[in-house]
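First the structure, in the form of structure tokens, and then the observations on it.
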Amino acid sequence: MQNSVGVAIIGAGRMGSEHARRLHRRISGAHVVAVVDIDRSRADTVVADIPGAEAETDVAATLARSDVDAIILATPGFLHHEVLLEALAHDLPILCEKPLTPDGKSARTVLEAEQQLGRRRIQVGFMRRFDRDYRQLRARIEGGTLGLPLMLHCAHRNPVAPATFTDEMMIHDSVVHEFDTVRYLCGEEISEIQVRSGRLTQNASGKLRDPQQILMKTASGVLVDVEIFVNAQLGYQVTTQAVLEQGVIDIGGDAGALIQQGGHWGGGINPGFESRFGDAFDQEVQTWVQNLLADRFDGPDAWDGYAAAVCCEAGVKAQHSGQAVAVELGERPPLYRR
Ligand code: ISE
């Protein structure tokens with residue numbers, strides 16, 4: 001690869017257009033060569049601000065272009081499978097927005113295709129792994145000075161969910177992040193998932209059960225609870241409290257300026273994930289590009305995407321049954337052992 005990676009962005013929606021702008025304005029060592037969307041006008045709008053980038057509507061033709069060195073896949077998750085297989089057939093590096101695919105079976109076929117290449121080409125967009133707070137918490141847990149982790153209390157609040165948001169999307173779109181962060185923080189797999197709901201907010205539309213509580217257990221017995229509340233009104237908040245044998249660590253509080261004015265004091269709450277995790281997204285994409293230029297791989301890989309997909313399937317089953325559902329991953333293939 002030369003000294004600048006030519007990237008095609010597949011999908012010109014909320015995440016795809018964010019990534020295109022990010023690559024163009026803030027990331028060094030890469031340039032956007034194409035933005036693909038079945039809706040040409042959306043691709044046109046994104047490339048309008050990016051000199052040299054072209055709008056495309058055909059994924060297969062774009063993947064075959066000689067100036068495309070790598071792709072960022074930002075279409076909805078249910079469209080990922082086919083594009084992943086096609087991009088792997090071209091041996092292209094892929095930064096795949098979460099989820100890898102919506103279920104364990106399709107994720108397995110992606111793992112198999114990647115194993116045939118003999119090297120890891122897919123990084124999954126679990127951006128929280130690039131957030132300073134999460135990194136510090138993991139380093140503290142790994143360092144062991146506070147003893148072993150016993151419990152994690154997590155809150156994941158969105159200001160408001162679209163009217164089309166469903167119970168299943170609470171798991172696939174939102175809690176998928178906690179499935180990954182729990183694995184990342186604890187350094188082990190999740191073995192069991194249960195979902196409860198109680199009093200529901202009147203601010204959710206349709207049949208959505210909001211909020212919900214997700215309970216998990218890891219292989220060694222760490223207990224995890226997650227409040228997922230997608231119409232929390234107050235803003236965007238993602239927090240974790242880790243309880244260890246010798247102490248407690250909190251991350252994710254909004255730590256901006258504290259303002260005192262007119263008989264009040266207070267600060268701001270992030271409005272959305274773009275601002276809350278903006279630095280983490282930049283870090284994620286910049287690290288991916290640097291690794292591509294250096295021909296290395298380091299980041300959440302397809303196994304992490306597969307594990308999260310299996311957890312999502314178990315989570316949706318648990319939503320329906322109300323019972324604890326076991327997570328069965330099978331053996332981790334050698335390509336993904338660290
Ligand atoms: C969205 O897709 C995200 O990835 C956000 O991080 C999450 O908070 C939100 O619930 C999802 O819909």
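Each reported figure results from applying straightforward, stated rules to the coordinates on display, with no laboratory input. Keep in mind that this is a model prediction, so the values were computed, not measured. Virtual Cβ from ideal backbone geometry, glycine too; neighbours counted across all protein chains shown.
Nearest 10 degrees is fine. How inclined is helix 176-186 to the longest principal axis of the chain, computing both from alpha carbons?
On a 0 to 90 degree scale, this one is about 70.
Here is the link list: K98/K207; K217/K317; K105/K207. Which ones come out longer than 21 Å on Cα distance?
In this structure, K98/K207; K105/K207 lie more than 21 Å apart at Cα.
Cβ under 10 Å from V195's Cβ, V195 left aside: what net charge do those residues give with Lys, Arg +1 and Asp, Glu -1?
+2
State the dimensionless ratio Rg/Rh of the stretch 296-338 (Rg: radius of gyration of Cα atoms; Rh: Kirkwood radius).
So for the stretch 296-338, dividing Rg by the Kirkwood Rh gives 1.10.
For a quick protection proxy, order the peptides 233-242, 56-65 by their average other-Cβ count within 10 Å, most packed first.
233-242, 56-65
So for each of 188-200, 99-111 I average, over its residues, the number of other beta carbons within 10 Å; can you give me the resulting order with the highest mean first?
99-111, 188-200
Please list, ordered by chain and number, the residues whose modelled amide H lies under 5 Å from the amide H of L150; skip anything fewer than 5 residues away on the same chain.
Close amide H contacts, sequence-distant or interchain: V243, L244, E245.
Per-residue counts of other Cβ atoms within 10 Å, averaged by peptide: what ranking do you get for 210-220, 43-53, 319-329, highest first?
The densest-packed peptide leads the list: 210-220, 43-53, 319-329.
For the stretch 115-263, max minus min Cα coordinate along each principal axis, in Å, sorted largest first?
The principal-axis extents, from largest down, are 49, 45, 30 Å.
Rg and Dmax of the stretch 178-311, using alpha carbons, in Å: what are they?
Calculated on Cα positions, Rg and Dmax stand at 18.3, 57 Å.
Can you give me the convex hull volume of the Cα atoms of the chain, divided per residue and expressed in Å³?
In the chain, the Cα hull volume divided by residue count equals 160 Å³.
Going out from 0 in 5 Å bins, what whole percent of all Cα-Cα distances in the stretch 21-143 drops into each bin?
Answer for the stretch 21-143: a P(r) of 2, 10, 17, 20, 19, 15, 10, 5, 2, 1, 0 percent.
So what's the angle, to the nearest 10 degrees on a 0 to 90 scale, between helix 104-117 and the longest Cα principal axis of the chain?
Computed tilt is about 40 degrees.
With n ≥ 4 as the cut-off for DSSP H runs, can you work out [θ] at 222 nm for the chain, using -39500 (n - 2.57) per run divided by the number of residues, rounded to the nearest 500?
-10000 deg cm²/dmol
I want to verify a result. In a Gaussian network model of the chain, Cα cutoff 10 Å, which of these has the top mean-square fluctuation: E227, E114, E142?
E142
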